[in-house]
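A short worksheet on the structure shown next.
The values are calculated or read from the model by the stated rules, or taken from the named source; none is laboratory data. Because the structure is a prediction, the values reported are computed rather than measured. Note that each Cβ is placed from the backbone with ideal geometry, even for glycine, and that neighbours are counted across all protein chains shown. In case anyone asks, the SASA skips ligands and DNA or RNA and just uses the protein heavy atoms, side chains included. Shrake-Rupley method; radii C 1.70, N 1.55, O 1.52, S 1.80 Å.
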Amino acid sequence: MKRSALLLLTLCLVFPVLSLAQLPSLGDLTNAIQKIKKTKDDTARVAKGATGLSLAEEIAIGDAVAVAIVSRYGGVWRDEEATLRVNLVGRILAQYALRQDLQWRFGLLDSDAINAFSAPGGRVFITRGLYELPLNDAELAGVLAHEIIHIDQRHAIGIIARGEFWGGVTELVADNNASYAAFEAAVGDTENLILNDGFDSGKEYEADEGGRELALITGYDPGGLRTVLATIDSAQEGTTEVFSTHPSTQARLKRLPDDPLVVSSE
């Protein structure tokens, strides 16, 4: 029950409720977005068939993993302006993600580390250290879009679902009196994958490529992520955690298209 209480507190602090009316109009992108739009029913059916998990199961595990991410990386960064900005950019991108069956949430972590994370179910985090590089909107969009693609492509769920502990998760979500053993095992493996082991290089490159495309389709400069990686590559001090579970910045830069670097308007 402690996990449930902490989860409620975390979600209330990290994820402010924003109306879509607060977001800029994206009506001009309707035609471009048709190739990636999916219906809620189609997405749910594919998810269940591919992983054996229901949407409720995926979200329950993702929310528990989100608590672990917040706990390890300094808690919630209580900066109202930064939180609003990350949510606005994140929500714009998420409107054109494949996973329209999810309620996407974006939060900031109070850590000097330069990193970003995603948890199943639509939970995306960026550290204070990364946010304060500083990032312009195109760079911020590139980072968030990369994490959105991890969730869109079910990278974590696809890997963890190969285990043997999903059998009891359905009953657990429906019945609070059920044993938590299966749930805790699923959460533990997902947490370890995201925070310790990381995805394999292929999935990271896929998230880079897909994130670039999502940012471009949404109206952001496609060179945003490339600019972030180039900035980090040229200024790493060796004392702060920098994308610890990702491939090297040089390897990622070589895989990305040679878009012009984004020049800040400030």
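Looking at (1) more than 18 Å from the chain's Cα centre (by Cα); (2) modelled with pLDDT under 90; (3) part of a helix (DSSP H, G or I), can you tell me which one THR227 breaks? All conditions pass for THR227, except number (2).
Results for (1) more than 30 Å from LEU216 (Cβ to Cβ); (2) open to solvent by less than 20 Å² (accessible area, probe 1.4 Å); (3) modelled with pLDDT of 80 or more, shown as yes or no for each residue.
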site	(1), (2), (3)
ALA145	no, yes, yes
HIS155	no, yes, yes
TYR180	yes, no, no
VAL187	yes, yes, no
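The one condition from (1) among the polar types (S, T, N, Q); (2) within 19 Å of GLY158 (Cβ to Cβ); (3) outside any strand (DSSP E or B); (4) modelled with pLDDT of 90 or more that THR43 does not meet is (4). Listed by first and then second residue, the pairs with beta-carbon distance under 6 Å, at least 6 apart or on different chains, first residue in the range 116-143 and farther than 19 Å from ASP208 by Cβ, second of a type in the set (Asp, Glu) and not in a helix (DSSP H, G or I), are ARG128/ASP110; GLY129/ASP112. Of all the numbered requirements in (1) of a type in the set (A, V, I, L, M); (2) crowded, with 17+ Cβ neighbours inside 10 Å; (3) in contact with a helix residue (DSSP H, G or I) (Cβ under 8 Å, 6 or more places away or on another chain); (4) at pLDDT 60 or above, VAL169 misses one, and that requirement is (4).
Listed conditions (1) farther than 20 Å from LEU135 by Cβ; (2) at pLDDT 50 or above are all met by VAL86, apart from (1).
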